[in-house]
Structures are given as structure tokens and as C-alpha cells.
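The structure appears below as C-alpha cells.
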Amino acid sequence: MEKHEVVLGIDLGTTFSAIAVVNQHGSPIIIPNCEGGRTTPSVIHFYDSDGCLVGEEAVRMVVVDPSNVARFVKRSMGESDFSMEFFRRPYTPQELSALILRKLKNDAEQFLGHQVRDAVISVPAYFNSPQRGATAEAGALAGLNVLSIINEPTAAAIAYGVDRQGPPKTILVFDLGGGTFDVTVMDIRPGSLKTLASDGNAELGGKDWDDRLLNYVSEHFIERFGDDPRDDPNPYQELYERILEAKLALSSRSNVRIPVNYRGHWMFVDVDEPLFRDLCQDLLDQCRDTCNIVMEKAGIGWEKLDEILLVGGATRMPMIRNMISDMSGLSPIAGVNPDECIAMGAALAGIFRHRQNMLPSLLEEALPTSITGSASADSGLPKDSSSPAMPLARLEIVDITTHPLGVLVLDADLQEHVVNLIPEGTPLPCEKSGRFAYAYDNMTTVCVQVAEGHGSTRDEVVVVGEVILDHLPPRVRGTPVEVLYRYTRNQLLEVYVTDIQTSNTQRATINLKGSLPVHRFEKAKAMVSRAKMDPLAP
């Protein structure tokens, strides 16, 4: 594969991450990491102020040195006031994620034999702009040129549906990862993937199932011995690893026996699948409620669904599969690897984005014109040799807004509230405008603050950017101003503020921008670049 053909598809997960590329035959393939694994644990161990381990080696240090381990970072993305400290240095979620991304980038370069820069990174569909911005910022810190941020269900649907040219299908993508949860209904037809509705919870994932099992086992130990194994970091981490093994075993066995050893006492706690399901019933109810909400948003009944696509390692739990089957009357699609399909779809999307938006003349010569009719043996996708290939250039991907976008304004009583311009569920790209007015006499500057989220007040939404129109002639209260929102396929928001009387316009792009100021960003990028990821290296 030539260097200029490579776009990394990256699934930056809460518990595991994966990378993929599209090979010279047009098929997505998973890139194994340097340890030979097809996924990489999203775990970091700091062994000194300038060095860290990422992946399997970091996991082995979880029990040995838990105070210097970072994990589940994705759940904190977009939180500007969150940091973790290691060896007296604070790290933002972007910086920690960048170290994971640098590991993935290094592994890809070793596998491919040359440097790579371009990447598409996936995020949960229900991530808001600060979370998406932090993810894009993490990619830039890792030395990647992030072509776009793609919704995880969309990426999974691309990986599944790109080489299928049968009749139109309506599918539900149920994405339960280690720390986030999304449900998306999509329309798949030849040459088109269209999102109909989406909803989710960025704070619900497989870890919540782990915690239920961990707490149950710990309470039994407390009841018998009076000590809590969750109180000390090392015993806690050791027990947590056993909990993970037990949860995995319950996907294929009816019961497990979990050993607990703390302060000279030990015992076994027996757990079977029905008990585990009872412990997590409220989590299942949250999943069920979200599914029903999405179906209602899509305006269809369960009988209208053709297929169910399960994504994310947590969907291997029997209770999840049984719940989905009971609700839909359908068996989930077989043969799709829930850990790998997002990265593969992101890699394919990277080629689409590259061809359509970046270097069309170069890529017309460089890339094959179509995806091969059958999936490669290592692609993790089901073979469907009867379906003709879908040309890369003709695939239309239509996403929707997952959060409403509006403007903070002052009403006649000078009380601040939100006026929505782009509703949730609006297909991209889109363009919406509204007319507003001077709130005071003699104003010479207008500041338009862009609000994202459901709510009518500042406290209920997130302000994701602002556009200032200044040097205006002083005029009376009520002078009209037009605000235009143009939302692109890549989920970039262009904002135009126009003074109606003079036609003076100010334009700004509310990009996927993280929260790090420029000076901090440059320092962080240098830190990620020079971090030692091999303690034996000179």
C-alpha cells in the first residue's frame, strides 16, 4: 500500500481501542498492535515523569502500581476542569487519550513500514461538541491529521453495509462499549447510509455492569469478615481483574466462582447468569428505554426493523442479546466482530472523506474504484459474495444532529434564554437562520453565543462558541440582526451574523475545538511526542 493511500480508522474506546486501514484491494483490515493483539487496552501506566506504557503492559501494572495507572479516560472527555496527576504532573483527558493514540499510531507505522498522519476517529453518537472537540484535540496532540470525527454507529453501519446492494433495510445499531452507550436507527440502501434517529448515554457502559458485580462480591466479603476489599488500591484492582474475567466467563457459562483475598481472609462468591442479570436490571431498563426513545424519534415500530447490529464488547453479554431479541423479535446479525467493526468503518469513511473533500485528483489515481464484493478472511465482516461492490465515490453518508443548536438571547424583559435554530435529528448538511434584535439602545457590538443541548436557559445548555459583529453604528433597540447557522457533513458549524441595514457580515467556524489554550496545547503536544513508551529504550 502506498503511503498516500493510508487513512487510519481509529476506534478510541473506553476500555479497548482498535485501528484499521483499507488495503490495496479496497477491504478494511485490522492492524494488530506490536504485541500481536487486534485490540489495545485503553490503559496507561506512568513509570516515571517522562515515560509510560500503553496497552497490555499497562494492564499488567494495574495490580502492581494502581496509583500510577489511568484508565476509563473516555468518560471524562470534554470536561475542561478534569485532570489526573502522575509524578506531580497533571494530565487532561485529551493528553491521556493522545498517549493512547500515539501508541496506536506507532503500531500502525511499524505494521505498514512508513509514517502515517491522516486519521478518522470515532466517537459515540451522543457526544456533544466539547467531547468531540476534545477527541479531535487528542488526535492532533498525537501528531495525527484528523480528517473527521465520525459517529460510532455510523462507522459500524458502514463496515456492515458498504458492500451490500440488496433491497433497502432499516437497521438498529445497538452500541454498548466499556463506558458509553448509543442506539441509532439507520436506513441502508445502495449508495446511501442515512441516520434516522439516535440517542444515548455517554456515562453508561460495560464498566457499570462490572461495578455491580464488584459491589455484590465485596458486600458478601464485608458481611463475613467485616473488611472491604475496595478500600485499598491494590486489593481493589486485583479483585476488579477477577470480576472482568468472571463477566467474560458468564457470556459462555451459566455460573462462575469468584475468589476474594484480603487481609489474610479469603472466600469464594458464586454468581450465576440470572443473579448477574438481577443485579443489573436497572441498567437493562435504561438500555430498553433508550431503544424505545430512538424508535419513537425514528417514527417506526419494531416490526419495521429488518436487522439488529450489535457493537461494542459489552453486547456479548447474554442478557443484552436476549433483551434486544425480546424487544425486536429479531436475532442480532451474526458474523460481525463487535470489537472491530467501528475501526473498519472509520477507515472506510476516511477514504470517502479523502476522495470527496481532501485530495480528489491524487486519490482518483491512487485508490481502487470500489470495495471488493466479498470481505477478506481477516476483516471480521460476514462474507456476502452475491452482492456487487459499492463504489467508494458514490457512497452518501447522511448523519443527523444529536443535540439541538441555538442562540442565547435576551427577551423583552432582558431575561436570557435559548432560541433553537437547528433541532435535534436534522439531517446534515443543513442551513437555518433567524432574525434577532438589539437588546439595548446605542449598541455598537453584537455577540452571538452558540448554545448546544436541550434547555431554555444558559445553565441547561453548553456554550460551544461565539461570533462578534462589532464597529456597528449606534442604533435603537430592536434594530434587526440575522444569524445563519450552516452545519456541514463533517459536523462543523459555520455561523454568519449580518447587520440587516448595512449588510455587514461576520463569519466564524465553530470547529471541533478542544479546551486547551494555544500555549498549553503546544506544551502538551511536545510532551506526547517525547514521552518514552519503552522503559528499555535509551
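The values are calculated or read from the model by the stated rules, or taken from the named source; none is laboratory data. Quick caveat: nothing in here was measured; it's all calculated off a predicted structure. Counting neighbours? That spans all protein chains shown, and the Cβs are built from the backbone with ideal geometry, glycine included.
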Check your understanding: Could you count how many residues in the range 447-466 are more than 14 Å from L484 (Cα to Cα) and either exposed (fewer than 15 other Cβ atoms within 10 Å of the Cβ) or of a type in the set (V, I, T) (or both)?
Key -> 10
Practice item. Say whether the condition of being touching a Cys at 6+ places or on another chain (Cβ under 9 Å), crowded, with 22+ Cβ neighbours inside 10 Å and touching a residue at least 12 places away in the same chain (Cβ under 8 Å) is met by at least one residue in the range 88-99. Key: yes
Revision key, fill the gap. Of the residues in the range 45-68 that are part of a strand (DSSP E or B) and either basic (K, R) or touching a helix residue (DSSP H, G or I) at 6+ places or on another chain (Cβ under 8 Å) (or both), the one that is surrounded by the fewest Cβ atoms within 10 Å (Cβ to Cβ) is Y47
Check your understanding: Taking L536, is it within 21 Å of S148 (Cβ to Cβ) and either at pLDDT 85 or above or part of a loop (DSSP other than H, G, I, E, B) (or both)?
Key -> no
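Here's the yes/no breakdown for (1) assigned to a helix (DSSP H, G or I); (2) small (G, A, S); (3) more than 21 Å from V146 (Cα to Cα):
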{"residue": "A70", "(1), (2), (3)": "no, yes, yes"}
{"residue": "E79", "(1), (2), (3)": "no, no, no"}
{"residue": "Q94", "(1), (2), (3)": "yes, no, no"}
{"residue": "R102", "(1), (2), (3)": "yes, no, no"}
{"residue": "V116", "(1), (2), (3)": "no, no, no"}
Point to revise | Matching residues in the range 242-289 - criterion: being over 31 Å from the mean Cα position of the chain (by Cα) and charged (D, E, K, R) | key: R257, R263, D270, D272
Review point. Any residue at all in the range 302-322 that is outside the structural domain of A20 (by TED's automatic domain parsing), of a type outside the set (D, E, K, R), under 14 Å from T170 (Cα atoms) and in a loop (DSSP other than H, G, I, E, B)?
Key: yes
Revision key, fill the gap. Sole miss for L283 among (1) at pLDDT 95 or above; (2) more than 23 Å from G179 (Cα to Cα) is condition (2)
Check your understanding: Restricting attention to the range 121-140, does a residue exist that is in contact with a strand residue (DSSP E or B) (Cβ under 7 Å, 6 or more places away or on another chain), hydrophobic (A, V, I, L, M, F, W, C), within 30 Å of G301 (Cα to Cα) and not in a loop (DSSP other than H, G, I, E, B)?
Key -> yes
Practice item. Please verify whether the range 387-401 includes one or more residues that are within 28 Å of S148 (Cα to Cα), of a type in the set (G, A, S) and either at pLDDT below 50 or not in a strand (DSSP E or B) (or both). Key: yes
